[in-house]
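Presented below is the structure to which this report refers.
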Amino acid sequence: MRKMILNDDIPAGNWENKYESKNPVARFLMQRFMKTMKLIILQRKSEITSISEVGCGEGYVTSEIHNMVPFVKIKASDFSGEIIKTAGEKFPFLDFYVKSIYDLGPEDSADFIICCEVLEHLEFPGKALERLAVITGKYCLLTVPNEPLWRCLNMIRGKYLNDFGNTPGHIQHWSLHQFVKLVKTYMNVLMVKFILPWTLVLSKKK
């Protein structure tokens with residue numbers, strides 16, 4: 001599934017549907033990624049009564065988390081009305097709504113915020129992190145592609161060669177240390193993990 005390009009040229013949704021990929025390597029990496037995310041949430045489930053995914057795309061991660069902790073109130077948002085419509089059709093039992101990450105406020109708060117592969121698409125990631133800090137009740141889980149590894153792996157598999165392996169729509173590129181430094185500007189960092197080929201950071205409001 002390719003990302004849809006909206007009128008303002010901002011990509012929405014998954015450029016490639018890695019969540020339903022038939023490629024065995026991609027499936028292994030995604031399973032490992034989701035297993036790590038789930039473990040982090042399960043270790044803290046006694047502290048969590050609500051979860052919100054920001055930039056949920058078609059809702060795959062939201063659905064996985066719901067299946068794991070069905071007793072926790074879960075909602076999810078994305079700036080694209082078209083994408084939210086798709087998510088609602090795929091997972092009608094979940095609460096999806098339209099909102100830009102830049103417009104998040106106290107009404108969007110939850111104990112556990114998830115922002116998965118969103119920040120690399122944003123022109124103003126610092127402004128987005130400011131808003132995430134506002135709505136984070138207890139924890140905020142952030143993931144981004146680990147660079148330049150992400151682009152190198154794309155080139156190895158023959159993807160996006162004209163753009164030196166850069167996935168369409170990725171306008172920010174961070175190494176693990178660069179991303180942690182950015183997050184520390186806005187939140188306290190509790191945990192850092194490298195899960196090939198992603199950087200994962202668990203943070204908390206200052």
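When only C-alpha pairs under 8 Å and at least 6 residues apart count, what is the relative contact order of region 29-141, in percent? Write down the numbers at each step before the final one.
Working: 173 pairs, mean separation 29.5, N = 113.
Contact order relative to length: 26 percent.
For the pair T36 and H177, what calculated FRET efficiency results from E = 1/(1 + (r/R0)^6), where r is the Cβ-Cβ distance and R0 = 22 Å, to the nearest 0.05?
Values: r = 19 Å, r/R0 = 0.88.
Once the sixth-power term is evaluated, E becomes 0.70.
Between V25 and F164, with labels modelled 7 Å along Cα→Cβ, what's the label distance in nm to one decimal, could you check?
Going from the V25 label point to the F164 one covers 2.1 nm.
For region 67-109, list residues with backbone N below 13 Å from a point placed 7 Å from the Cα of K138 toward its Cβ?
So the set is 72-73.
How large is log10 of I(q)/I(0) for region 4-205 at q = 0.14 Å⁻¹ when the intensity is taken from the Debye formula with one equal scatterer per alpha-carbon?
Evaluating at q = 0.14 Å⁻¹ gives log10 I(q)/I(0) of -0.80.
Aspartates and glutamates near K73 by alpha-carbon distance under 12 Å, same-chain residues fewer than 8 away left out - which ones?
Straight-line reach from K73, under 12 Å: E53, D95, D111.
Can you give the FRET efficiency for D95 and M68, using 1/(1 + (r/R0)^6), R0 = 22 Å, r = Cβ-Cβ distance, to the nearest 0.05?
Details: r = 16 Å, r/R0 = 0.75.
Using R0 = 22 Å, I get an efficiency of 0.85.
Would you calculate a helix-derived [θ] at 222 nm for the chain, using -39,500 (n - 2.57) for each DSSP H run of n ≥ 4 and dividing by the full residue count, to the nearest 500?
On the way: 6 runs with 66 residues, N = 206.
Here the helix-only value at 222 nm equals -9500 deg cm²/dmol.
Every number in this text was worked out from the coordinates using simple rules, so none of it is lab data. Remember, predicted model here, so these are calculated numbers, not experimental data. Note that each Cβ is placed from the backbone with ideal geometry, even for glycine, and that neighbours are counted across all protein chains shown.
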